[in-house]
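Only one structure is covered here, and it is reproduced in the block below.
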Amino acid sequence: MPNNPTILVVEPGRNPRNSLVAFLEKQTKARIHYAKDPTEALDLIYKDPKIELLLTDLYLPDKSGLEIIRKGVGKNPALVPIVIMPPGNRKYIVESLQAGAYFYIGTPYDYQEILEVIKNGLEYQKLLTETLNWNTSLRKSDGFAGIIGESKVMKSMFKTIEMVTAYGYGNVLLAGESGTGKELVAQAIHDMTPGRNRHNFVPVNCAAIPDDLLESELFGYERGAFTGANRSKKGRLQHAEKGTLFLDEIGDMKPGLQAKMLRVLQEHVFEPIGSVKSIKIDIRVIAATNYDLDKAVKNGTFREDLYYRLSVIPITLPPLRERLDDIPHLIKNFLHIYNRGRQDAIQDFTPQALQRLKQYDWPGNVRELKNLVQRLCILHNGKRVDSRDLPEKFKEKAGPEKNPGAESENKPLETLDFHSMTIDYENRLILQALHSTNWNKKEAARLLNMKRTTLLEKIKKRNLDQA
Ligand SMILES: Nc1ncnc2c1ncn2[C@@H]1O[C@H](COP(=O)(O)OP(=O)(O)OP(=O)(O)O)[C@@H](O)[C@H]1O
Ligand SMILES: [Mg+2]
């Protein structure tokens, strides 16, 4: 249990109140405040911002416990309310959860049960405070030239980028797994380099262009240089003159072309295919690779001399799993992008949802997180994203939640039919996906990250086609 927590107990009856307070003081080492009615309770919450947990009866004189929860959470968003009420009244249970209650305990209760729930509630409170602090610090951060990151590794990378941009020469080699932001960094370096940023940023993906075309794309050609060359064409090198040439996936460049590129980097000249006239060129080359070029050099598939020419300034982008604390910052940024124009926009993620995301491996790195946020912005109904709103893979990886929320598997609410609510929720997601893709089932399956056949089966079984 966290050190010296402060708990507020609201109970109208003097005897049950006194014995509950005495029990909690002994078992939790907490500072306990107590109140007999909502007015007293709210007074205390307004006076003492350190109250972390509220244990209240639902049925109270004057007003209901719901009002304490609502106003209390309004005053102190990190407050964790637990509500006590007779079991079986589904309407009140739902209402108190909606008002912000973390858990409900049915009467008659036993003290051990209360102690267990309080322990979990205090753990949850720690997570909640952490999230709220994140959210506050988020407001201060808008990244570095559109690259989001507050972690140490990212900050040190920003310093290197600043150095690179202060000086317009020197080729840069960006290494990092897929989706870590290599292209984003390349563009930022170009945009921030005085002089070069007034000219073109020209990306060339060495893996996406067939080998025989890549050479003519880069160097251009003279009319008649080969069959079909009816007129001359400028290459991308020339388009990048005075600017930046971004050679993406450089590891896929074939040896013949590597030799030609080396000459460009060493002598700053080249000849278009079919031409004898050399053209002088002033470009900065930024190359990117998502596999180990060092190894490729040792294997003999990548020229060592070209490798050294390219990696005057090497920058390695860290995978997302090594900077998990950046996740909330990235989410905030992506929500800003994808929420635009939405009335019922997502505001934030619950602590449990963030915890799940921090337990995941992120093989697709920032791109995977960006896609997730985009998907949620399209499909999610509501202002908060909870762990149960996340795709299956986050649940599988993370195992059961450490700090169960109100709908804990450990403590099922007999009055809420979990199965039918889950189906209901699933149907809503499916309908939203179908709606936002104009009933294109293949596209909807992609959005939902679901096999097309599974989607078709669910639509048929549940008659969603007629919805
Ligand atoms: N630090 C970051 N801040 C904000 N957005 C980011 C960040 N890193 C990556 N992204 C976003 O994630 C997506 C993938 O980034 P990018 O295309 O730059 O990755 P990459 O390393 O080039 O991946 P690949 O090797 O697969 O080409 C882009 O939409 C990019 O805007
Ligand atoms: Mg890329």
- Message: With only alpha-carbon atoms in the gyration tensor, what are the semi-axes of the equivalent ellipsoid for the stretch 164-227, in Å, largest first?
- Response: 27, 18, 9
- Note on the structure: In nm, the gap between the two label points placed 7 Å beyond Cα toward Cβ at residue 268 and residue 223 is 3.2 nm
- For helix 65-75, report the angle its Cα long axis makes with the longest principal axis of the Cα atoms of the chain; keep it between 0 and 90° and round to the nearest 10°. 40 degrees
- Note on the structure: Listed by chain and number, the residues whose amide H is under 5 Å from that of residue 275, excluding neighbours fewer than 5 places away on the same chain and using placed H, are 222
- Note on the structure: The aspartates and glutamates whose Cα lies under 18 Å from the Cα of residue 280, excluding any fewer than 8 residues away in the same chain, are 215, 217, 222, 241, 267, 271
- Message: With just the Cα atoms defining each centre, how far is the stretch 35-102 from the stretch 204-219? Give it in Å.
- Response: 65 Å
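Please identify every one of the chymotrypsin sites (Phe, Trp or Tyr not before Pro) in the stretch 171-229 that sits in a loop by DSSP and has no more than 12 other beta carbons within 10 Å of its own beta carbon.
Values: sites: 201, 219, 221, 226; in loops: 226.
The qualifying sites are 226.
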- Compute the distance in nm between two label points, each set 7 Å from the Cα along the Cα-to-Cβ direction, one at residue 107 and one at residue 292. 6.6 nm
- Item | Estimated FRET transfer efficiency (residue 130, residue 440; beta-carbon r; R0 41 Å; 0.05) | 0.50
- Query: Longest segment of the chain with no GluC sites (Glu not before Pro) in a DSSP loop having at most 12 other Cβ atoms within 10 Å?
  - Reply: 1-408
- Note on the structure: Going residue by residue through the stretch 318-335, the Karplus relation 6.51 cos²θ - 1.76 cosθ + 1.60 with θ = phi - 60° gives ³J(HN,Hα) values, rounded to whole Hz and with x marking Gly or Pro, of x, x, 4, 5, 9, 9, 4, 5, 7, 4, x, 5, 5, 4, 4, 5, 5, 4
- Alpha-carbon centroid distance for the pair the stretch 446-461 / the stretch 283-323, whole angstrom: 41 Å
- Just the number, please: Stokes-Einstein D of the stretch 199-247 in µm²/s, Kirkwood Rh from C-alpha pairs, 37 °C, 0.692 mPa s. 290 µm²/s
- Message: Quick check: the angle from helix 255-267's long axis to the longest principal axis of the chain, C-alpha only, nearest 10 degrees?
- Response: 80 degrees
- P(r) of the chain in 10 Å steps, Cα pairs, percent per bin? 4, 16, 20, 18, 16, 11, 7, 5, 2, 0, 0
- Task: On each of the three principal axes of the Cα atoms of the stretch 224-373, give max minus min coordinate, whole Å, ordered largest first.
- Result: 65, 41, 28
- Message: Is there a quick way to get the dipole size of the chain? I mean about its Cα centre, with the Cβ of Lys and Arg at +1 and of Asp and Glu at -1; what is the value in debye to the nearest 20?
- Response: 960 debye
- About the Cα centre of the stretch 152-317, what is the dipole size in debye to 20, counting +1 per Lys and Arg Cβ and -1 per Asp and Glu Cβ, all else neutral? 460 debye
- Task: List, in order, the whole-Hz ³J(HN,Hα) value for each residue of the stretch 274-285 obtained from phi through the Karplus relation with A = 6.51, B = -1.76, C = 1.60 and θ = phi - 60°; use x for Gly and Pro.
- Result: x, 10, 9, 8, 7, 10, 7, 9, 10, 9, 9, 9
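What does the charge dipole of the stretch 6-140 about its Cα centre add up to, to the nearest 20 debye, if the Cβ of each Lys and Arg holds +1 and the Cβ of each Asp and Glu holds -1?
On the way: 18 positive and 16 negative charges, 82 e Å.
I would put it at about 400 debye.
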- Bins of 10 Å, starting at 0 and running to the largest distance - Cα pair percent for the stretch 6-140: 12, 46, 34, 7, 1
- Label-point separation (nm) for residue 123 and residue 212, each offset 7 Å from Cα along Cα-to-Cβ? 6.4 nm
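Mind pulling the per residue volume of the convex hull built on the Cα atoms of the stretch 35-78? Å³ is fine. If you can, show how the numbers build up before the last one.
Details: hull volume 2.6 nm³, N = 44.
It is 59 Å³ per residue.
Readers should treat all values here as calculations from the given coordinates under stated rules, not as data from a laboratory. Predicted model, so just to flag it, every value in this text is computed and none were measured. With ideal geometry, Cβ positions are generated from the backbone for all residues, glycine too; neighbour counts draw on all protein chains shown.
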